[in-house]
Amino acid sequence: MAERVFVERIGEHVGKEVTIKGWVYNRTGKGKLQFILVRDGTGTIQCVVFRDNVLPEAFEAAKELTQESSLIVTGAVRADERAPGGYELDVTNLQVVQIAGEYPISPKEHGVEFLMDNRHLWIRSSRQHAILRIRAEVIGAIRDWLDSHGFVNMDTPILTPAACEGTTTLFQTDFFGEPAYLSQSGQLYNEANIMAFGRVYCFGPTFRAEKSKTRRHLLEFWMVEPEMAFADLEECMCVEEEMVSYVVQRCLKNRARELEILERDISYLQNVAPPFPRISYDEAIAMLKEKGVPAEWGDDFGAPQETVLGESFDRPVFVHHYPTAIKAFYMEADPVNPDRCLSVDLLAAEGYGEIIGGGQRTASLELLEQRIKEHKLPREAYEWYLDLRRYGSVPHSGFGLGIERTVAWICKIDHVRETIPFPRMLNRMYP
């Protein structure tokens, strides 16, 4: 049997006989010829079945193929600029694995709810396939950058006894008679890990029980969370802009075909390079007021404010030194003005809002104890976290990057539900 190859590597086998295993994306017939577009998960190639080149039963089988039927085809690879992807397969043998029934998703327009009900099939479409390939590239690029810059991957718990971001958005479950919560973040555990390893990151699902229906929110999403010992706010921002720039440029290099399928204007992405502009929260408030957007000092920014700020720059922008009162209990206070904290959000260009939240964590035992009390958090659940300030506390910083929002921005799509294979949203847990 001829060597099995994947479509994305087909150009390396011109003139050779190969085997491709996949599914029918489309089929047309004309007399002695059948043209079958076959996708194998890495790409799509046109397979030309000429009646005189195959056994009669193989040609008859080709004529019966329906959309999404599974098959194995063997043939010679030929370069052809007119063909999708620039190559064709002159078929010499064809084996049907299964004839698919009438496919629910057709070229006609379908409603969002119908497509979400059929998400298990919708991900086979060229557009959804392109988005999810870019997602995989983003995740791989993040890991590669962190691994090559001294960060050690640490897996943090999914079940936790306490909140990280706030108690109102926790999914509670039972842990043998004790209350437990699905993790909002691995940050607190990584603050322990940096005292052993210096630079670490965790990468996994996080859960927020927010009753939100906006295009930027999911109840279950994936987040990468680097933490760094002996790092201040400025170093935190430098790491963020270097990593994000690397991720974007790698997508431009390795996923150009997918971005083309999505009709993405890449000129904005080509601008993504350090340094990113930096504005203070106070400057952001002034900018918003100047543009006629409602914003008062002490307000947290929502989608309207983040959109306007992001659209004001040709690359992502840092907004730093938010009011202490609107940020998490663990943020370090500004030593000059304690009403502000050493926090920073990274807002994507083109109005996609916050893709990273982070900043410098408080190193003071006394201040952390005070904050836990102010936020009315159960101290006993945080005793281990307080220990980190008792035994070798150091200045440290970190951040969390949301994968789905980042992918939505890079792909320039309207809703984060398309950036993960099976999204979990308010009133949506199927399939």
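The values are calculated or read from the model by the stated rules, or taken from the named source; none is laboratory data. Remember, predicted model here, so these are calculated numbers, not experimental data. When we count neighbours, we look across all protein chains shown, and the Cβ atoms used for this are built from the backbone with ideal geometry, even at glycine. The accessibility values were calculated without ligands, DNA or RNA, using every heavy atom of the protein model including side chains. Shrake-Rupley method; radii C 1.70, N 1.55, O 1.52, S 1.80 Å.
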| Hits in segment 223-260 - residues which are among the charged types (D, E, K, R), more than 18 Å from the chain's Cα centre (by Cα), in a helix (DSSP H, G or I) and within 17 Å of His396 (Cβ to Cβ) | Glu234, Glu235
| field | Scope segment 351-366; condition over 20 Å from Glu234 (Cβ atoms) and part of a strand (DSSP E or B); matching residues | value | Gly353
| request: Take Glu60 and decide whether it is under 33 Å from the mean Cα position of the chain (by Cα), more than 30 Å from Trp122 (Cβ to Cβ) and open to solvent by 30 Å² or more (accessible area, probe 1.4 Å). | output: no
| remark: Flagged in segment 417-427 as open to solvent by 20 Å² or more (accessible area, probe 1.4 Å) and out of contact with any Pro (no Cβ under 6 Å at 6 or more places or on another chain), in numbering order, are Glu418, Pro421, Phe422, Arg424, Met425, Leu426, Asn427
| field | strands (runs of 3 or more DSSP E) lying entirely in segment 261-350 (those with 1 or more residues that are open to solvent by less than 50 Å² (accessible area, probe 1.4 Å) and closer than 23 Å to Ile131 by Cα) | value | 343-348
| said: Step by step: first the residues of segment 24-53, then only those that are among the β-branched types (Val, Ile, Thr) and more than 12 Å from Leu89 (Cβ to Cβ), then the one that is least open to solvent (accessible area, probe 1.4 Å). Which residue is that? | reply: Val24
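Given the criteria crowded, with 17+ Cβ neighbours inside 10 Å, without any contact (Cβ under 8 Å) to a residue 24 or more places away in the chain and of a type in the set (Val, Ile, Thr), does Thr362 qualify?
no
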| message | When you scan segment 94-102, do you find a residue that is open to solvent by 60 Å² or more (accessible area, probe 1.4 Å), at pLDDT 95 or above, closer than 22 Å to Gly15 by Cα and over 33 Å from the mean Cα position of the chain (by Cα), even just one? | response | yes
| remark: Residue hits (segment 376-416; among the β-branched types (Val, Ile, Thr) and either open to solvent by less than 10 Å² (accessible area, probe 1.4 Å) or without any contact (Cβ under 8 Å) to a residue 12 or more places away in the chain (or both)) are Ile403, Thr406, Val407, Ile410, Ile413, Val416
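Which ranges mark the helices (runs of 4 or more DSSP H) fully within segment 112-163 that have 1 or more residues being more than 19 Å from the chain's Cα centre (by Cα) and modelled with pLDDT of 95 or more?
Working: elements: 112-117, 119-122, 126-147.
Because the criterion is at least 1 residues that are more than 19 Å from the chain's Cα centre (by Cα) and modelled with pLDDT of 95 or more, the helices (runs of 4 or more DSSP H) in segment 112-163 that meet it are 112-117, 119-122.
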